[in-house]
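*Asks:* I'd like to ask you about the structure that follows.
The values are calculated or read from the model by the stated rules, or taken from the named source; none is laboratory data. Everything numeric in this text was worked out from a predicted model, so none of it was measured. Here Cβ is always computed from backbone atoms with ideal geometry, including for glycine, and neighbour counts include all displayed protein chains. What goes into the accessible areas is simple: the full protein's heavy atoms, side chains included, and nothing from ligands, DNA or RNA. Shrake-Rupley method; radii C 1.70, N 1.55, O 1.52, S 1.80 Å.
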Amino acid sequence: MINFKNIIAKEIAEIVNINEKELESYIEIPKDTNNGDYAFPCFRLAKELKKAPQMIAEDIKNQIKIDEKIIDKVEVAGGYLNFYIHQEQMIKEVLQEIANHEEYGKSEIGKGKNIVIDYSAPNIAKPFHIGHLRSTVIGGALYNIYKYLGYHTIGINHLGDYGTQFGKLIEGYKLWGKEYDIEKDPINELTKIYVRINQLCKEDEKVLEQCRMNFKLLEEGDSYCTEIWEKFRSLSLKEFQKVYDLLGSHFDSWNGEAFYSDKMPEVIQILEKSGKLEESQGAKIINLEDKGINTPCIIQKSNGSTTYATRDLAAILYRARTYDFDKALYVVSYEQTLHFKQVFEVAKLLGIDEKYTNGLKHVPFGMVALPTGKMSTREGNIVKLEELLNEAIARAKEIIEEKNPELQNKEEVAKKVGVGAVIFNDLSNSRIKDEIFDWNQVLNFQGETGPYIQYTYVRTKSVLEKAGYVPKIEEVQYDKLLDETSKNIIKLLYNFENILEQVTDKEEPSILSRYLIDLAKAFSNFYNDNKILVEDKEIQNARVYLTYAAGKVLKIGANLLGIEMPDKM
Ligand code: ARG
């Protein structure tokens with residue numbers, strides 16, 4: 001598709017002799033359409049050209065060569081140059097591109113680049129809670145979008161299947177295993193054991209010591225400990241899978257922390273050799289004070305067991321060798337910011353190419369609180385995600401029963417709406433923000449929600465059904481779409497690919513969810529302002545086609561976020 005920004009930048013570059021790419025990055029999209037489709041802020045050049053912005057604007061305007069088929073006019077407004085794109089040209093570009101591409105917005109800009117995304121990563125024998133949901137949903141959306149832009153994408157579920165908590169669980173199971181039916185309801189029962197053993201550990205230092213010992217034994221391959229561990233792991237995975245099935249999550253690798261148990265000695269060896277590994281009260285640590293990090297990174301505990309950090313270091317080494325990644329993203333709560341700072345710093349000592357250490361990136365997100373407060377496994381005060389999703393589905397079903405009792409496949413639609421609502425809710429604000437989960441907001445069909453996007457899509461579908469046809473693109477007369485509400489949709493559609501690129505630049509799926517809200521609103525305005533099915537066949541063809549195009553992009557966008565679209569609701 002024509003890149004208008006690029007054309008404008010090229011022409012300006014002819015005049016001012018500054019790199020085209022740089023000029024392109026200055027170009028803005030004015031909020032008010034009266035100020036044109038694109039604006040070039042000349043004050044960015046004032047210093048370099050030693051001239052007042054307005055004079056620069058005048059100069060460029062007088063000298064610039066523009067193709068009238070593409071740009072209608074250029075105007076000076078203060079220090080800005082405003083460009084007005086030839087509207088029919090824009091409409092033609094966008095609609096033809098949509099007509100000719102099943103996968104509109106898909107590109108190859110990521111070709112040849114490998115992106116590792118570490119997301120979800122719940123902990124074995126603990127509930128899959130609402131915090132892991134955020135990671136699963138944000139990571140999943142990034143995964144889909146990177147892939148759509150041509151990147152080779154590897155999704156990894158770095159399961160928390162190792163660590164001291166297993167020492168505790170093994171101890172609890174040894175003490176009271178017979179009292180709990182872990183086959184029947186594994187996570188709940190194991191959680192109860194976990195809560196109980198934690199309590200005991202608080203009261204009795206000796207039990208805590210025994211728990212640590214158990215983990216040590218597990219690391220050394222003790223057969224009893226390993227057997228129990230395996231049982232916990234496979235029972236838990238079966239439970240997690242129920243949530244992944246509801247969400248439609250996909251992972252290319254399930255290598256969790258335990259996978260690195262035999263890969264840690266090499267890490268320790270490399271760090272020993274680096275001369276940076278220090279002894280401190282029997283433990284092995286890396287001091288990071290000179291890097292501005294006051295807490296040292298513990299590589300090996302005093303009893304010889306490894307740590308979460310060591311396993312992440314082994315994972316970096318493994319992923320660099322196995323996937324040759326350009327970027328490795330960690331979609332993990334901001335609570336672990338210090339952990340990743342430490343690990344990424346220590347990774348520089350592993351002797352791997354700088355390309356890899358530069359590619360490591362923590363993608364933090366805020367906490368989710370239910371109206372009752374923060375959730376923690378240790379206290380046993382948690383909300384299970386599977387229950388939450390099922391409740392969303394049940395609530396969506398109720399709404400459907402009330403609004404559209406005749407609907408067919410109610411179950412299936414309720415699932416798409418309920419799950420879609422939860423997913424969208426998690427992606428609708430910038431990821432770093434803390435979030436309060438509020439049912440009324442999540443499932444509000446009129447609010448800025450998943451159901452609202454789905455509802456708008458369904459509306460486009462019903463318009464097409466009433467029309468009974470989608471015209472061929474050759475039958476569309478572009479000059480029939482010059483009203484404000486149509487032009488707004490066109491502009492948004494034109495921007496879609498750019499929005500996807502912004503998501504990957506900032507690792508921020510909310511840019512796309514925001515966009516979908518804007519597109520849905522633009523369609524609602526168009527729908528309210530214009531009769532679509534009218535006498536005049538030419539007008540009808542154009543409006544039906546625009547409806548089709550808007551619906552198509554809403555669906556592609558929602559799918560990229562991991563949300564399924566019902567055809568009716
Ligand atoms: N299992 C961890 C948790 O629940 C998250 C793991 C994130 N990934 C990583 N490579 N450290 O907090």
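*Asks:* For helix 205-219, what angle does its Cα long axis make with the longest principal axis of the chain, in degrees from 0 to 90 and rounded to 10?
*Replies:* Helix 205-219 sits roughly 70 degrees off the main axis of the chain.
*Asks:* Using only Cα atoms and rounding to the nearest 10 degrees, what angle (0 to 90) does helix 87-100 make with the longest principal axis of the chain?
*Replies:* With rounding to tens, the tilt is 50 degrees.
*Asks:* Ignoring ligands, DNA and RNA, how do S513, S428 rank by accessible area with a 1.4 Å probe, largest first?
*Replies:* Descending accessible area places them as S428, S513.
*Asks:* Just to verify a number: what accessible area does S120 come out at with the full protein assembly present, 1.4 Å probe, Å² rounded to tens?
*Replies:* 10 Å²
*Asks:* For the pair N62/I436, report the inter-label distance in nm, with labels modelled 7 Å from Cα in the Cβ direction.
*Replies:* 6.0 nm
*Asks:* Using the Cα gyration tensor of region 404-507, with a ≥ b ≥ c the square roots of its eigenvalues, what is the shape: rounded (a/c below 1.5), prolate (a/b larger than b/c) or oblate (neither)?
*Replies:* Oblate.
*Asks:* Would region 63-118 count as rounded, prolate or oblate if I go by the C-alpha gyration tensor, calling it rounded below 1.5 in a/c and otherwise prolate when a/b exceeds b/c, oblate otherwise?
*Replies:* Note, shape of region 63-118 comes out oblate.
*Asks:* Pairs of alpha-carbon atoms within less than 8 angstrom and 6+ residues apart define the contacts here; what relative contact order does region 362-498 have, in percent?
*Replies:* Relative contact order, region 362-498: 24 percent.
*Asks:* Can you give the accessible area of V137, probe radius 1.4 Å, in Å² rounded to 10?
*Replies:* Using a 1.4 Å probe on the heavy atoms, I get roughly 10 Å².
*Asks:* Related question: Taking H as built 1.01 Å from N, whose amide H comes closer than 5 Å to the amide H of I154, not counting residues under 5 places away?
*Replies:* For I154, the qualifying residues are I115, V116, I117.
*Asks:* Pulled fully out, how much extra length does the chain show between E412 and N188, if you take 0.36 nm times their separation in residues and subtract their Cα-Cα distance?
*Replies:* So the extension gain works out to 77.9 nm.
*Asks:* Using modelled backbone amide H atoms (1.01 Å from N, in-plane), which distant-in-sequence or interchain residues come within less than 5 Å of K73's amide H?
*Replies:* When sequence neighbours closer than 5 places are left aside, the close amide H contacts are Y84.
*Asks:* Within region 166-264, how many lysine pairs that are 8 or more places apart, or on different chains, have C-alpha atoms less than 19 Å apart?
*Replies:* Here the count comes out as 25.
*Asks:* Between D505 and A52, what is the label-to-label distance in nm when each label sits 7 Å out along the Cα-to-Cβ direction?
*Replies:* That separation, rounded to one decimal, is 3.2 nm.
*Asks:* Restricting to Cα pairs below 8 Å that are 6+ residues apart, what does the relative contact order work out to for the chain? Please round to a whole percent.
*Replies:* That works out to 14 percent.
*Asks:* Quick one: how many Å² of R459 are accessible to a 1.4 Å probe, rounded to 10?
*Replies:* 60 Å²
*Asks:* Also: Work out the length of the dipole vector of region 88-217 about its Cα centre, built from +1 on the beta-carbon of each Lys and Arg and -1 on the beta-carbon of each Asp and Glu, and round it to the nearest 20 debye.
*Replies:* 440 debye
*Asks:* List, in order, the whole-Hz ³J(HN,Hα) value for each residue of region 246-251 obtained from phi through the Karplus relation with A = 6.51, B = -1.76, C = 1.60 and θ = phi - 60°; use x for Gly and Pro.
*Replies:* The phi angles translate into 5, 7, x, 7, 9, 10 Hz.
*Asks:* Now for a separate question. Sorted by accessible area with a 1.4 angstrom probe, largest first, how do T504, T164 fall?
*Replies:* Output order, biggest surface exposure first: T164, T504.
*Asks:* Sticking with this one: Once you keep just the Cα pairs under 8 angstrom separated by 6 or more residues, what percentage relative contact order results for region 326-365?
*Replies:* 72 percent
*Asks:* Tell me whether the chain comes out rounded, prolate or oblate; compute the Cα gyration tensor, take square roots of the eigenvalues as a ≥ b ≥ c, and use a/c under 1.5 as the rounded threshold.
*Replies:* Oblate is the answer for the chain, as a/c is 1.5 or above yet b/c matches or exceeds a/b.
*Asks:* Please enumerate, by chain and number, the aspartates and glutamates with C-alpha under 16 Å from the C-alpha of K461, excluding those fewer than 8 residues away in the same chain.
*Replies:* Straight-line reach from K461, under 16 Å: E564, D567.
*Asks:* Once you list every other residue whose beta carbon is under 15 Å from the beta carbon of P53, what net charge do they have if Lys and Arg are +1 and Asp and Glu are -1?
*Replies:* 0
*Asks:* If you stretched the chain out fully between K106 and K537, how much longer would it get, using 0.36 nm times the residue separation minus the C-alpha to C-alpha distance?
*Replies:* Once the chain is fully extended between K106 and K537, it gains 151.9 nm.
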